[in-house]
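Visitor: Pasting in a structure now, in structure tokens, and then I'll have a few things to ask.
The values are calculated or read from the model by the stated rules, or taken from the named source; none is laboratory data. Predicted model, so just to flag it, every value in this text is computed and none were measured. Glycine also receives a Cβ, built like all others from the backbone with ideal geometry; neighbour counts cover every protein chain displayed. Areas reflect the complete protein model, heavy atoms only, side chains present, ligands, DNA and RNA absent. Shrake-Rupley method; radii C 1.70, N 1.55, O 1.52, S 1.80 Å.
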Amino acid sequence: MSKRANPMAVKAALTYEIKDAAKALGVSVATIRNWIKDGLPVMASQKPFLILGAELRAYLRAKHRAKKSPLKHNQLYCLSCKTGCEPHNLTVTPTPNSPRTLRITGTCGRCGGTSSRIISLSKVSEFARSFHFKKNGNI
């Protein structure tokens with residue numbers, strides 16, 4: 001399972017060589033080189049190539065933001081499809097997640113896999129208009 005590199009592991013005021021950036025972020029040197037090919041700005045006028053800490057942070061944050069896809073009001077996130085989808089028959093099962101949140105789970109309408117979403121308890125009535133809640137012993 002891949003982990004997301006933490007932009008805060010990099011000091012914004014420092015410059016890093018590729019090897020040092022990889023060590024700070026806990027990724028391989030090949031990963032940093034792939035990011036450079038993908039658009040990470042470097043100071044390449046002479047060797048060793050240097051990467052500004054602030055540029056590396058901005059690149060990682062932009063990369064993470066680009067992967068986000070907001071769900072529509074009537075969608076859950078399908079773990080198999082890796083995208084938002086409507087649950088089969090818009091039927092979901094609520095389960096308490098924390099004192100203020102609720103996890104609603106359903107079956108993906110496309111692939112039949114498990115899909116879920118965490119919602120605030122204060123917004124349950126809004127989601128009840130979009131989904132059919134199954135009765136659960138905990139709710």
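Visitor: Identify all residues within segment 94-129 that are of a type in the set (V, I, T) and under 16 Å from Q75 (Cβ atoms); write none if there are none.
Guide: I104, T105, T107, T114, I118, I119
Visitor: Would you call T114 at pLDDT 90 or above, open to solvent by 80 Å² or more (accessible area, probe 1.4 Å) and either polar (S, T, N, Q) or in contact with a Phe, Trp or Tyr (Cβ under 9 Å, 6 or more places away or on another chain) (or both)? First the steps, then the outcome.
Guide: Details: at pLDDT 90 or above: yes; open to solvent by 80 Å² or more (accessible area, probe 1.4 Å): yes; either polar (S, T, N, Q) or in contact with a Phe, Trp or Tyr (Cβ under 9 Å, 6 or more places away or on another chain) (or both): yes.
Against the criterion (at pLDDT 90 or above, open to solvent by 80 Å² or more (accessible area, probe 1.4 Å) and either polar (S, T, N, Q) or in contact with a Phe, Trp or Tyr (Cβ under 9 Å, 6 or more places away or on another chain) (or both)), T114 qualifies.
Visitor: To continue, here is another question. In the set T93, T114, T83, which member is in contact with a Ser or Thr (Cβ under 6 Å, 6 or more places away or on another chain) and hydroxyl-bearing (S, T, Y)?
Guide: Working: T114 fails: in contact with a Ser or Thr (Cβ under 6 Å, 6 or more places away or on another chain); T83 fails: in contact with a Ser or Thr (Cβ under 6 Å, 6 or more places away or on another chain).
Every option except T93 fails the conditions.
Visitor: Would a scan of segment 86-97 turn up a residue that is under 29 Å from N6 (Cβ atoms) and not basic (K, R)? Spell out the reasoning first.
Guide: Quick first cut of segment 86-97, residues under 29 Å from N6 (Cβ atoms) only: 97.
When the remaining residues are screened for being not basic (K, R), the result is 97.
Within segment 86-97 (the criterion being under 29 Å from N6 (Cβ atoms) and not basic (K, R)), the answer is yes, since at least one residue qualifies.
Visitor: Can you name every residue in segment 10-30 that is touching a helix residue (DSSP H, G or I) at 6+ places or on another chain (Cβ under 8 Å), more than 14 Å from L50 (Cβ to Cβ) and surrounded by 15 or more Cβ atoms within 10 Å (Cβ to Cβ)?
Guide: L25
Visitor: Give me a count of the residues in segment 32-57 that are surrounded by 11 or more Cβ atoms within 10 Å (Cβ to Cβ), without any contact (Cβ under 8 Å) to a residue 24 or more places away in the chain and part of a helix (DSSP H, G or I).
Guide: Count: 5.
Visitor: Determine the pairs where a residue that is under 15 Å from R57 (Cβ atoms) and β-branched (V, I, T), located within segment 1-27, has a partner that is open to solvent by less than 70 Å² (accessible area, probe 1.4 Å) and in a loop (DSSP other than H, G, I, E, B) with Cβ atoms under 6 Å apart, the partner being 6 or more residues away or on another chain.
Guide: Pairs that qualify, where the first residue is under 15 Å from R57 (Cβ atoms) and β-branched (V, I, T) and the partner is open to solvent by less than 70 Å² (accessible area, probe 1.4 Å) and in a loop (DSSP other than H, G, I, E, B), are V27/A5.
Visitor: Considering only segment 23-73, how many residues are over 30 Å from L90 (Cα atoms) and in contact with a Ser or Thr (Cβ under 6 Å, 6 or more places away or on another chain)?
Guide: Within segment 23-73, residues that are over 30 Å from L90 (Cα atoms) and in contact with a Ser or Thr (Cβ under 6 Å, 6 or more places away or on another chain) number 2.
Visitor: Among the strands (runs of 3 or more DSSP E) lying completely within segment 63-139, list those that include at least 1 residues that are touching a residue at least 12 places away in the same chain (Cβ under 8 Å) and of a type in the set (K, R).
Guide: Strands (runs of 3 or more DSSP E) meeting the threshold: 101-107, 114-120.
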